[in-house]
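Asker: Can you read through this structure? Questions will come right after.
Every number in this text was worked out from the coordinates using simple rules, so none of it is lab data. Here the structure is a predicted model, which means the values were calculated and not measured. Note that we place each Cβ from the backbone using ideal geometry, even for glycine, and neighbour counts take in every protein chain shown.
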Amino acid sequence: MRRKWKNELKKAFEAPPPMRKEKFLEGLSSGTKRDKAPPFEITLAEFVLTQAGYIRGWVWAVSALVFLTAMMGAVVLSEDMLWEIAALTPFLALVAVAESARSENYGMAEIEMATRFSLKSVVLARLGILGAENLLLLCLLLPLGMRNNPMEPIQAGVYMVLPFLLTTYSGTCIVRRIRGREGMYLCGVAAVCVSFGSYSVRQESAWIFRADVMGWWIVCGVLLTAGIIKQYAYIVRQAREGIRAA
């Protein structure tokens, strides 16, 4: 009886005979251009623009909200917005980290590695787009932060950028070790802590913002930038190898 069932199942699920098999094999072995379709080519600019379309709308909405908040405070309310802007930049970093780690969070890394463009190319393209957008936004926010503040441009720029870099570095360290929503929740907690800390430190320890301490701020910024690049390299390599650091 058992053998009979096996035979019946084999007949039921037996693959149908191939159709036009010989013609298909001849098309593969033929070296003529007529039998082969020309490869689809895409330029680097077209590839980057294509990836820009996959960035979610709420990422752009957060950037617009930060800019409008700073503009209202500096222009409409005539307030010194430098420290408020510095406290808002961690949330720009948070959305950038979340967007760059979207493939891992949704379990799409393996599929994207099997596509024509590698996961590394996709991540670098999205990071380039978000980096350029954040750089432009910070350049627009700097005059707003200095509108009612007598600080030098370089000094004000460093105070604005450092919370952004610290949040980005913390976020990349988290998503490299923790997968999924849990990692994003921790990134959100890190952004809130950096935002609150960057604002409260100004109130409690004003001495660290003196001009003679600026060199240490610049060193910290350089170290954080190098750390961010290293962390993103780890993320791409781990996704490619299918492993995750403990």
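Asker: Mind listing the long-range amide H neighbours of ASN148? Cut-off is under 5 Å, sequence gap 5 or more, other chains count too, H placed in the peptide plane at 1.01 Å from N.
Answerer: Under 5 Å from the amide H of ASN148 lie the amide H atoms of MET81, each far enough along the sequence or on another chain.
Asker: Here's another thing I want to ask about it. Beta carbons within 10 angstrom, averaged per residue: use that to sort the peptides 168-181, 151-164, highest first.
Answerer: On the way: 168-181: 20.0, 151-164: 18.2.
Highest to lowest by the protection proxy: 168-181, 151-164.
Asker: Between GLU79 and CYS220, what FRET efficiency comes out of the Förster formula 1/(1 + (r/R0)^6) with R0 = 25 Å and r the beta carbon distance, rounded to 0.05?
Answerer: On the way: r = 27 Å, r/R0 = 1.09.
Efficiency, from the Cβ-Cβ distance: 0.40.
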